[in-house]
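Remarks on the structure that follows.
The values are calculated or read from the model by the stated rules, or taken from the named source; none is laboratory data. Note that the coordinates shown come from a computational prediction; the quantities given were computed from them, not determined experimentally. Here Cβ is always computed from backbone atoms with ideal geometry, including for glycine, and neighbour counts include all displayed protein chains. Quick note on the areas: whole protein, heavy atoms, side chains included, nothing else; ligands and nucleic acids left out. Shrake-Rupley method; radii C 1.70, N 1.55, O 1.52, S 1.80 Å.
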Amino acid sequence: MQDKTIEAAAPGTGQALRYKVAGMDCPSCVGKIETALRRLPGTSGVGLNHHSQILRLSLDEAATPRATVEATIRGLGFGVEPADTIHIADGDGVVTDAASGTEPRWWQTGRGRITILIALLVGGGYLLSLLAPAVSEVALMPAALFGLAVFGRRAVRLARSGSPFSIEMLMSVATLGALVIGEAEEAAVVVLLFAIGELLEGVAAGTARSGIRALSALVPQTALLIEGESARAVPVERLEVGQLVLVRPGDRVSADGVVEEGESDIDESPVTGESVPVAKTVGSPVFAGGINATGVLRVRVTRKASDNTIARIVQLVEEAQAAKSPTARWIERFSARYTPAVIAVSVLTVLVPPLAFGGDWHTWIYRGLALLLIGCPCALVLSTPAAIASGIAAGARRGLLIKGGAALEAIGKVRTIAFDKTGTLTLGQPRVTDIVPFDGTERTLLGLAATVENGSAHPLARAILERAAADGVPLRPARDRKAVPGRAVQAVVGGRLIEVGSPRHAVERGGAGSLPADLPADTVAAFEEEGKTVAVVLADGRPVGLLALRDEPRPDAARGIAALRGLGVRSVMLTGDNRRTGQAVARTLGLAVEAELLPEDKLRAIAGLKGQGTVAMIGDGINDGPALAAADVGIAMGGGTDVALETADAALLGNRVEGVADLVTLSRATLANIHQNVAFALGLKAIFLVTTLFGITDLWLAILADTGATILVTLNALRLLRRKGASPAPAL
């Protein structure tokens, strides 16, 4: 079993271990565990993801055995087992299925049983007080003592491991103090409310995690593996790359792959967020989890189950949820000072009034103990990561992959969005519409252009090659192929240097500052006014013909730009295409345009836009890499491709321009949720701080200032998971 926890580690750094940790409710739990483990000799690279519950660390077992690591975590009240085992028992006896991610019912957990027992003791104490009033003062003491024993032991362990200001310690001190001054009833209610609060926090945290687990559940457990003329059911984990699987109408696609035989429509909304079923024919890619609507498909597997699109999305989303946003980092710094400050105020509340003004010791000790319960920053610390995690999960469900809290926060603050044209605002599937030879025939001109473009991945090159293949034009031998970025592609064909480039390149090659005399300017202008891209074919520097190509805008592009305009976001198109073509497309879509840009020009354009506010760049994730990196937020278009999943700060898996407005709306909703959470957490504590000092707040109400706020903050964040689509949101 232990071997399963070992991963590759750098020499001399120890073994890389992975554990599944159970029982965490909020980021404060993460801090407690990380602090304790970092104090152990021989540990390094300690990282714990609150949402995935996966702990990673490097351990030198000569300094600290792994059994000590596991015992330390369990001693803090959490469960721990190697990440690849099946059953996980937490520190309170919770058993969880790590493989499936299912969790037990609340009453089956250790915390649930503790809460039930304390509730029974409290209920029994009140009943005893009614039946025997003479013992009413001690009737509730068993409940208080039991709670103090449970939470006090945990508090001591946390203090020894480097977390002295934990909520367990504050609550234990308040409970013990209440018992000392004869307030057993208050002490019992405090431990009961604290236990209920912890239990509800765990339930809410499990609900938040289920948002991502639901994605994994979209992939069926079995696949129909084709063997000869028959198909048999096998677990999806056993599928290998290259095998054929059968997908019947109504079935979910069992693996990422390519259609080998058949035609059908597939609902890919669980993966890409695209609400309309997508037509699939031979050669079309399909994603695991999609729902086959009509025809029977034979699909060639291209990815194993552990590496399919949904598995990668889940992994990336969990990593994104673990990454701290700027607001979360600020709150952590604030809370590190907040708790000691409240403890200091509590001590002064106990000592100053009796010593300086002759106040009643019982009264001011009681108020000081109540202040202690306000000192835990759990709700405040949770306010941002809970909203960020829910926002990222909500986006993933709609095909909007966001790569971290920082990106999610920044998207909502964007003032300008720069779009690439080809493959972003347009379909990225240009077609050759016109062939105009100056010498020879159309076939000869097309053959020269296709020969030079052979091997290029550029959309215009693919269009020329597809037209040549459709017309049956053969490719000729060529050598010394070379691309001049942003200008042309060239090769030596039949002893002549053949170039396929833009009219701008033809001007530069001619050296006259205008189109060569033998290249009709009116023809070029006419094509460009129609929104077509013109490619000039040159032989030894002399134009021999031109090709006109057109790439149609995406069907939702105009609606997407209009939606952004409604959100107060300016859109601009940055394209390397000629000015007239760029302006023609821009007029159709209703946005500004900067055309004839080389890659370095796009960088300068992005820098200029950043001077006016936060800027996002939308591109295909391949040719626009520098501009995506230069923008405040880089967003890649790509329906589940590796590039879309691995590059930029966010990805639109459904290739929908309207998804950009969805991103902005979701980000603004998340930011508003964060502001609500922070205001609620701080506001509630401020109110209880004042009411406690004036003697209005009891101990049991003070504990609600923490546990109640934590629960409400979590529930407020979970509202983001119910968001269905874009709706107008105010600019921030």
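Hey, among the residues in region 424-466 that are on the phi > 0 side of the Ramachandran plot and under 39 Å from the mean Cα position of the chain (by Cα), which one's least open to solvent (accessible area, probe 1.4 Å)? Break it down into steps so the answer makes sense when it comes.
From region 424-466, those on the phi > 0 side of the Ramachandran plot are 428, 440, 455; that's our starting set.
Keeping just the survivors that are under 39 Å from the mean Cα position of the chain (by Cα) gives 428, 455.
On the way: G428: 14, G455: 76 Å².
Residue satisfying both the conditions and the ranking: G428.
Selection of region 153-188 for residues being over 17 Å from I343 (Cβ atoms), assigned to a helix (DSSP H, G or I), of a type outside the set (A, V, I, L, M) and in contact (Cβ under 8 Å) with a residue 12 or more places away in the chain yields R154, R157, E185, E186.
For region 563-585, the condition holds for at least one residue, the condition being that it is assigned to a loop (DSSP other than H, G, I, E, B), open to solvent by 10 Å² or more (accessible area, probe 1.4 Å), at pLDDT below 90 and in contact with a Ser or Thr (Cβ under 6 Å, 6 or more places away or on another chain).
Candidates S210, S230: the one that is open to solvent by 60 Å² or more (accessible area, probe 1.4 Å) and either modelled with pLDDT under 85 or out of contact with any helix residue (DSSP H, G or I) (no Cβ under 8 Å at 6 or more places or on another chain) (or both) is S230.
Mind checking whether some residue in region 529-551 is of a type in the set (G, A, S), assigned to a helix (DSSP H, G or I) and crowded, with 21+ Cβ neighbours inside 10 Å? Give the steps one after another, and end with the answer.
Going residue by residue through region 529-551, those that are of a type in the set (G, A, S) are 531, 535, 539, 541, 545, 548.
Checking which are assigned to a helix (DSSP H, G or I) leaves us with none.
No, that holds for no residue.
Among the candidates G12, G31, G47, the residue that is part of a loop (DSSP other than H, G, I, E, B) and at pLDDT below 90 is uniquely G12. Scoring T451 on the criteria (1) of a type in the set (S, T, Y); (2) closer than 30 Å to A709 by Cβ; (3) in contact with a Pro (Cβ under 9 Å, 6 or more places away or on another chain) leaves a single failure, condition (2).
Among the residues examined, A463 qualifies as modelled with pLDDT of 85 or more and within 20 Å of T575 (Cβ to Cβ). The sole residue among A255, A279 that is within 31 Å of the chain's Cα centre (by Cα) and farther than 16 Å from G654 by Cβ is A255.
Between T691, T697, T710, the distinction of being in contact with a Phe, Trp or Tyr (Cβ under 7 Å, 6 or more places away or on another chain), open to solvent by less than 60 Å² (accessible area, probe 1.4 Å) and polar (S, T, N, Q) belongs to T697 only. Take region 443-466 and flag every residue that is within 23 Å of L598 (Cβ to Cβ) and in a helix (DSSP H, G or I). Listed by number, the residues that qualify are A449, V452, E453, P459, L460, A461, R462, A463, I464. Screening I266 with (1) buried (at least 17 other Cβ atoms within 10 Å of the Cβ); (2) in a loop (DSSP other than H, G, I, E, B) gives one miss only, at (2). Using the structure shown, decide if L715 is open to solvent by 40 Å² or more (accessible area, probe 1.4 Å), over 25 Å from the mean Cα position of the chain (by Cα) and of a type outside the set (V, I, T). No; evaluated as a whole, the condition is false for this residue. Taking every residue in region 368-391 that is under 14 Å from N673 (Cα atoms) and aromatic (F, W, Y) and pairing it with any residue that is outside any helix (DSSP H, G or I) and open to solvent by 10 Å² or more (accessible area, probe 1.4 Å), at least 6 positions away or on another chain, yields no pair with a Cβ-Cβ distance below 8 Å. Just one residue in the set I392, I374 is open to solvent by less than 10 Å² (accessible area, probe 1.4 Å), touching a helix residue (DSSP H, G or I) at 6+ places or on another chain (Cβ under 6 Å) and over 24 Å from A631 (Cα atoms); that residue is I374. Among the residues of region 213-227, the ones that are touching a strand residue (DSSP E or B) at 6+ places or on another chain (Cβ under 9 Å) and either open to solvent by 20 Å² or more (accessible area, probe 1.4 Å) or modelled with pLDDT of 90 or more (or both) come to 9 in all. Looking across region 635-650 at every residue that is assigned to a loop (DSSP other than H, G, I, E, B) and under 23 Å from Q429 (Cβ atoms), the one that is modelled with the lowest pLDDT is identified as G640.
Within region 565-582, residues that are polar (S, T, N, Q) sit with their Cβ atoms under 6 Å from residues that are open to solvent by less than 50 Å² (accessible area, probe 1.4 Å) and not in a loop (DSSP other than H, G, I, E, B), at 6+ positions apart or across chains, in these pairs: S571/I417; S571/I561; S571/L564; T575/K421; T575/G582; N578/E528; T581/E528; T581/T533.
Of all residue pairs spaced 6 or more apart or on separate chains, those with beta-carbon atoms under 7 Å, a first member in region 484-506 that is closer than 16 Å to N578 by Cβ and a second member that is open to solvent by 10 Å² or more (accessible area, probe 1.4 Å) and basic (K, R) are G501/R487; S502/R487; H505/R487. Answer yes or no: is there a residue in region 356-366 that is open to solvent by 20 Å² or more (accessible area, probe 1.4 Å) and more than 16 Å from G695 (Cβ to Cβ). Yes, there is a match, as at least one residue in region 356-366 is open to solvent by 20 Å² or more (accessible area, probe 1.4 Å) and more than 16 Å from G695 (Cβ to Cβ).
Can A469 be described as open to solvent by 70 Å² or more (accessible area, probe 1.4 Å) and part of a helix (DSSP H, G or I)? Yes, satisfied.
Here P477 fulfils each of the conditions (1) touching a residue at least 12 places away in the same chain (Cβ under 8 Å); (2) open to solvent by less than 70 Å² (accessible area, probe 1.4 Å) apart from (2).
Yes or no, residue by residue, for (1) modelled with pLDDT of 85 or more; (2) closer than 18 Å to V713 by Cα; (3) of a type outside the set (G, A, S):
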{"position": "T175", "(1), (2), (3)": "yes, no, yes"}
{"position": "L179", "(1), (2), (3)": "yes, no, yes"}
{"position": "A184", "(1), (2), (3)": "yes, no, no"}
{"position": "A188", "(1), (2), (3)": "yes, no, no"}
{"position": "L200", "(1), (2), (3)": "no, yes, yes"}
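Scanning region 586-600 for residues that are surrounded by fewer than 17 Cβ atoms within 10 Å (Cβ to Cβ) and either hydroxyl-bearing (S, T, Y) or within 33 Å of the chain's Cα centre (by Cα) (or both) turns up T588, G590, A592, L598, P599, E600.
Is it true that some residue in region 129-138 is surrounded by 20 or more Cβ atoms within 10 Å (Cβ to Cβ) and assigned to a helix (DSSP H, G or I)? No; the residues of region 129-138 include none that is surrounded by 20 or more Cβ atoms within 10 Å (Cβ to Cβ) and assigned to a helix (DSSP H, G or I). When L355 is tested against (1) among the hydrophobic types (A, V, I, L, M, F, W, C); (2) farther than 23 Å from D556 by Cα; (3) in contact (Cβ under 8 Å) with a residue 12 or more places away in the chain, just one condition goes unmet, and that condition is (3).
Can you pull out every residue in region 414-425 that is among the β-branched types (V, I, T) and within 25 Å of G568 (Cβ to Cβ)? Steps first, please.
So in region 414-425, the residues among the β-branched types (V, I, T) come out as 414, 416-417, 422, 424.
Of everything in region 414-425, those that are among the β-branched types (V, I, T) and within 25 Å of G568 (Cβ to Cβ) turn out to be V414, T416, I417, T424.
The residues of region 68-81 that are open to solvent by less than 10 Å² (accessible area, probe 1.4 Å) and not in a loop (DSSP other than H, G, I, E, B), listed by number, are V69, I73, G79, V80.
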